[in-house]
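**Q** Just passing along the structure, written as C-alpha cells.
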Amino acid sequence: MAAKKSQAGYRDLGVQNGANYVKDFNEAYNNAYPAWSQAWTEMKRDIEFVLGKQWSAEEEAYLLKQGRAALHFNKMMRIVKLISGYQRKNRLSLKADPVEGSDVQTAEQLTAILLWLFSSNQMYLTMSEGFEAGALMSGINLLHIGMDYMQDIVNGDPQVFRHPHNQFLLDPTFTRRNLDDCDYAMIRMAPNKDQAKILLPFMDPDDIDGLRLSGMDNKFPLMTSHRDTLNRPRLNLYYFWRRTTKTAWLILDRQTGATREVDMPTAKVNQALEIAYAMHGERFEKIKKSKGVVELDIILQNLCVYHGPDPTGIESHFPLVPVMGTYVPEYEDWAYKIQGLSRQLRDPQTEKNKRMSQMLDIIESQINSGWKAKGKAVLNKDDLYRSGQGRVVWMTDDAEMTDVEQLRGTDVPQSHFQLQEILDREIPDIGGVNQEMFGAPENDQLEVAGVLAKMRMAAGLVGLQEYFDNYRFAKQTVGLRLIEAVTKNWTPDKVKRVTGQEPSQAFYTKGFGRYDCAVTEGLLTDTQRQMFYAELKAMRKDGYAVPMELLVEYMPVQLNGEIKKALVKAEQQQSQQAQRQMQLDEITKQVMQATQMLQVAQAREKLTQAEENRATAALDRAKAAAEIQDIGAQRALDLINLMFEAQQRIEDRNLQREQAMQAGGAQ
C-alpha cells in the first residue's frame, strides 16, 4: 500500500516496514549485478560497434602515436538497419480472436481496444525500437506495461515503455522468455521532480518537491540519464517486482464438483457461505489455498513509498516482456549468454577496419611528386608549395642535389585487396543477409536473377527467423498483458468511448483473455473498421458474394457517401447488363434447340418416306409374282403379312434412331 497521510501531513514518506523492503531490494541487486555486469560490458561494446565506435582506446592511442586516423568502415549499421527495416515494413497488428464457442462480441471489443492503444500511443514504434536495440544490437530490451495518466487521470491508459539493457536487472536464474520462472525484476529510472509527480500520482506533490537531491547512487553504473543537460542530479527511482504468495479461497460445489476461486477477504467469504447455507445447506464448502502473485515496491530516494499490487492490475505475471536476440539459459558465462545479432559481426568488422587502415597508410606514405631545392635557388619559396600535392625538401647551399634520395614505399600487396573482398562478402553472410536482400541481383539475366533473388532472400530470412519469432512472442505477450490491464482499470464509460459499444456481459469476466480469446496478428490498420474492410475485400476476391454497399460502407476514404452512390449505380448497371446478356444467351440456346429438332424431324420424315417406298415396291413385286405364277390366295396373303411385319420392324428401328438423335442434340 502507499504511504498514509495524517492530519499534520506525512510523518514519513516510507510505508510501514519500508526499511525491510529496501533491504530486500538491495539484496536482490547485489545478487543479480555480478552476472549482469559481465553482459552489460559486452552489450555496450556491441552498441558502440553498430554506432561506429569500433576502435578500442589502446588502438586509437597507437594510431595517434603513428600519426594515423582511426577510420571506421561501418558495415554493421547497414545490416542492422536492413533487418530492422524489414520488420518495420512488414508490421502486423494485434487482434483478439474468439476461441471456439466463446463470446464473439467481447473479442471484437478487445480487438478495437488493442488497435486504439497501439495506434494512439505509438506502440508499434516502441515495439520496433525494442526489436532493433534489443534483438539486433544489445541482445535484450525490456518492454514495461504501465499506466499512463497524462491524458486520462481517472482510468489511465495502458502504455508500453521501453527500457534499454543498462536500465534493468532480472533474476539471473530465469530461463523462460515470458519470465514465469523469474523471481524478481527491477527497473531504474531517473526522473526530475515534475516527472516523478506524474509517475507517482498517489504521492503529495509537495512531498516530492521537498525531497533532497542526493545525486547518483552506485547502482546501474552504465545508465546514462542520471543527470540532465545542465549536470543537475535527478531522483533515484526504482521499481522492484518480486514473486510471493497470498491466501486464496476456493468455493467447492459438492453437488456438481465445480470449484471456483473468489477474490474476497476471509470475512466476506464466511458471510457468503452463511447465506448459502441458509438456502442450500452444506452444498458449498470453502478451501484455503496459496496463490502465487507479483508484488511491487517503489523506492524513491532510498525510501519505499509504495508496496502492493502493480497499478496495472496484472497480478500473476510481471508487467514486463523481454525482447531478446539469442539467449542460451543453460550456458553459464553471462558475457556470451545473451547477445544480439551484432555480436557475431564485431570480429570481421574489426579486421576490415585494420586492413583498410593499413592499405590507406601504405598509399599515403608514398611521395608521388615533390621538389628538392636549395635555399637560394628560388625567389619565392611559397611557389614550390603551390605546385602539386607533394612535399618540398630543402637542402643547404653547399649540398649536392644527389645527396638526398627518396625512399619509396612499397606498393599495396595484392593479397590485401583479395582479403578485403573476402571480408566484404563474409560480414553480410555472417549476419544472415545476402545481396538479394540489399536489392542488388548478381546476374545480368534479369529474369533469372529475379527468381533467384526471391529464393535467396527467403533463404536468408530463414537464418533470421529466431529473431522474428522472439519478437512475435513478445508482441503477443504484450497484447495479453494489455488486455488484463484494460479489464482491471477501465470503466464501462471508457470502454464505450473507445469501442462505441457498451461492454459485453463477458468483458469483465476474470480470465477471458486467457481462456476465451487468443491474441493473434492481423493486418496492420489504424482502426477495427479498416481491418474489417480489408477482410471484406479478401472475401470478395475469393468469390464470396459480398455486397458492394457493405464494402463501400466500411471503405476508409473521405466522402464515401458520394463514392457509395456512384459505385452502387455502376454495379446496378453491370447487373442489368449481365441480366440482358443472360436473356440473350437463353434465347440463342432455345433457337439452336429448335433448329436441331427441325432437322431431326426432317430427317425422320425422309427416312419414313424411303421405307414406305421400299415396302410399297416389295408389295407390288409380290402381287405381280402371285399373278404371274398363279399362286393360291392364301399363299399371297401370307406373303403380304410378311411384308407388313418387315415394314413394322423398319419403323421401330427408325423410331429408335430418332430417339438417339434427339438425346445427342440435347447434350
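The values are calculated or read from the model by the stated rules, or taken from the named source; none is laboratory data. Computed from a prediction, not measured in an experiment: that's the story for all the values here. Ideal geometry is used to build each Cβ from the backbone, glycine not excepted, and the neighbour counts take in all protein chains shown. Just so you know, the surface numbers come from the protein's heavy atoms only, side chains and all, with ligands and any DNA or RNA stripped out. Shrake-Rupley method; radii C 1.70, N 1.55, O 1.52, S 1.80 Å.
**Q** Go through the range 199-291 and name the trypsin sites (Lys or Arg not before Pro) that are in a DSSP coil and have 14 or fewer other Cβ atoms within 10 Å of their Cβ.
**A** Details: sites: R212, K219, R227, R234, R242, R243, K246, R254, R260, K268, R283, K286, K288, K289, K291; in loops: R212, K219, R234, R254, R283.
Those that pass, being in a loop and sparsely packed, are R212, R254, R283.
**Q** Also: Are there trypsin sites (Lys or Arg not before Pro) in the range 57-155 that DSSP puts in a loop and that have at most 16 other Cβ atoms within 10 Å, and which ones?
**A** Values: sites: K65, R68, K75, R78, K81, R88, K89, R91, K95; in loops: R68, K75, R91.
Listed in order of number, the matching sites are R68, R91.
**Q** Once the other residues with Cβ under 13 Å from the Cβ of F168 are scored (Lys, Arg +1; Asp, Glu -1), what is the net sum?
**A** Details: positive: R162, R188, K219; negative: D171.
Around F168, the surrounding residues sum to +2.
**Q** In the range 238-287, what chymotrypsin sites (Phe, Trp or Tyr not before Pro) fall in a loop by DSSP, with at most 10 other Cβ atoms inside 10 Å? Mind showing how you got there, number by number?
**A** Working: sites: Y238, Y239, F240, W241, W249, Y277, F284; in loops: none.
Qualifying residues, ordered by number: none.
**Q** May I pose another question? Hey, if we sort E59, E132, E502 by accessible area with the 1.4 Å probe, largest down, what's the order? Present the calculation step by step, with values, prior to reporting the outcome.
**A** Details: E59 55, E132 20, E502 105 Å².
Correct descending sequence by accessible area is E502, E59, E132.
**Q** Given a Förster radius of 41 Å and the C-beta distance between R657 and Q574 as r, what FRET efficiency does 1/(1 + (r/R0)^6) yield to the nearest 0.05? Present the calculation step by step, with values, prior to reporting the outcome.
**A** On the way: r = 47 Å, r/R0 = 1.14.
Computed FRET efficiency for R657 and Q574 comes out at 0.30.
**Q** Right, here's the next one. Sorting check: for 465-471, 580-586, which peptide has the highest mean count of neighbouring beta carbons within 10 Å, and how do the rest follow?
**A** Working: 465-471: 17.0, 580-586: 10.0.
Ranked by mean Cβ neighbours within 10 Å, highest first: 465-471, 580-586.
**Q** Estimate the FRET efficiency between T350 and A566 by the formula 1/(1 + (r/R0)^6), using the beta-carbon distance for r and 51 Å for R0, to the nearest 0.05. Spell out each step's value before the answer.
**A** Details: r = 64 Å, r/R0 = 1.25.
Computed FRET efficiency for T350 and A566 comes out at 0.20.
**Q** Right, something else. Beyond a 20 Å Cα-Cα separation, which of these cross-linked pairs lie in this structure: K44/K337; K23/K288; K44/K81; K53/K337; K75/K352? Walk me through the numbers on the way to the answer.
**A** On the way: K44/K337 15 Å; K23/K288 31 Å; K44/K81 18 Å; K53/K337 23 Å; K75/K352 9 Å.
K23/K288; K53/K337, as the Cα separations exceed 20 Å there.
**Q** Here is a follow-up. Taking the range 240-281 on its own, what percent of its Cα-Cα pair distances exceed 17 Å? Present the calculation step by step, with values, prior to reporting the outcome.
**A** Details: 377 of 861 pairs.
For the range 240-281, the share of Cα pairs beyond 17 Å comes to 44 percent.
**Q** Here is a follow-up. Would you mind checking K65/K354; K291/K488; K95/K289; K197/K246 for any pair whose Cα atoms are more than 24 angstrom apart? Let's see the in-between values first.
**A** Working: K65/K354 16 Å; K291/K488 19 Å; K95/K289 34 Å; K197/K246 30 Å.
Those over the limit are K95/K289; K197/K246.
**Q** Still on this structure: Roughly what would the spin-label model give for M592 and N192, points 7 Å off Cα along C-beta, in nm?
**A** Each label point is offset 7 Å from its Cα along the Cβ direction, giving 8.5 nm.
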